Structure formats: structure tokens, C-alpha cells
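Below: one structure, written as C-alpha cells.
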Amino acid sequence: MTHMVLFHLGVLDSPPRSGGPVPYQERLAEVAAPLRAELVGYLERKRATCDRTTVSTMATRLKHFGVFLTRADPALTSVRDLDRRRHVEPYLASLVDAVSDKDRSPISIGDRNRRVVAIATFLRDITEWGWDAAPARRVLFAR
């Protein structure tokens, strides 16, 4: 309601969103624009073969990775340039201290694993699809 009042007073340029899923661009707003474009492109394509809740869950998990990359290496402009030692290993190490967006409590080992699986799936898919953004070599392994 505050957003609506501020919109009507001319303080904000747009009215508040009303219902429906939050667009991927908006959900991944904290991710650097070039990386965000790659992630959003992927999520849009996954909608063809996955239901909305599955893709929404992927979006949340990929967002965490994208935010990490944005903060750890602001100069990174594509997942094509991911480096195992500079990007992936520090991200994996950061999961030990990761907290839930909802209540700021530590995430479970299962949640850590699901975040890694989402990234591995993303990287595998874009490689199989022949995307230019796919890293030249594998940077995330099953073990």
C-alpha cells in the first residue's frame, strides 16, 4: 500500500506489481546485466520443458550463483569465462555459510546440494545446446 501511495504522490514512477510471478529480469536484478541476460535466456528456454514452479526454483538457485559472481568478479561478463579456481571453488566454499533468503537461517546440506545441481544443470544444458556462453571446458564436476 505504501508503494501505491508513493506512486500516487508522484514519488515513485510506477505502480506496485499486482499478482503473478515476478519476471526473471526483476528476480535476478542483483546479478550483473551481462550474466543476468544469459541466466534469463536459459530460464526462458527451460519453460518449454519444465513447469513454472520448477523453473522458478531454478531461478532462485541460479540467482544466488549470479549474485556471488557479480560480487566476487564484477568484471565477469559471461559464464563462458568461468574459471574453476577463481569462481566455482570460492562459490562452493561460500555455501557453508549461506543463509536462507526467507529467515536468514543457515541453509541445509540438501539446499547446498540443490544449488550446485542447478548450476551443473545450467552449464550442462547450455553446453549441449551449443550456446556461445558455454564455458570451453567443464568447471563443475559430480564430485
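Which residues, taken from the range 90-112, are among the hydrophobic types (A, V, I, L, M, F, W, C) and out of contact with any helix residue (DSSP H, G or I) (no Cβ under 6 Å at 6 or more places or on another chain)?
Quick first cut of the range 90-112, residues among the hydrophobic types (A, V, I, L, M, F, W, C) only: 92-93, 95-96, 98-99, 107, 109.
Those that are among the hydrophobic types (A, V, I, L, M, F, W, C) and out of contact with any helix residue (DSSP H, G or I) (no Cβ under 6 Å at 6 or more places or on another chain): Leu92, Ala93, Val96, Ala98, Val99, Ile107, Ile109.
From Thr49, Thr53, which residue is closer than 30 Å to Ala120 by Cβ and assigned to a helix (DSSP H, G or I)?
Numbers: Thr49 fails: assigned to a helix (DSSP H, G or I).
Sole residue among the options that is closer than 30 Å to Ala120 by Cβ and assigned to a helix (DSSP H, G or I): Thr53.
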Completion exercise
Of (1) part of a helix (DSSP H, G or I); (2) under 16 Å from the mean Cα position of the chain (by Cα); (3) not small (Gly, Ala, Ser), Glu89 satisfies every one except (2)
Problem - Output for the range 92-103, where each listed residue is part of a helix (DSSP H, G or I) and either of a type outside the set (A, V, I, L, M, F, W, C) or surrounded by 14 or more Cβ atoms within 10 Å (Cβ to Cβ) (or both) - result: Leu92, Ser94, Leu95, Asp97
Practice task
Test Arg71 against the stated conditions and say whether it is among the basic types (Lys, Arg), at pLDDT 95 or above, over 15 Å from the mean Cα position of the chain (by Cα) and over 20 Å from Trp129 (Cα atoms).
Solution key: no
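The values are calculated or read from the model by the stated rules, or taken from the named source; none is laboratory data. Everything numeric here is computed off the predicted structure, so don't read it as measured data. Note that each Cβ is placed from the backbone with ideal geometry, even for glycine, and that neighbours are counted across all protein chains shown.
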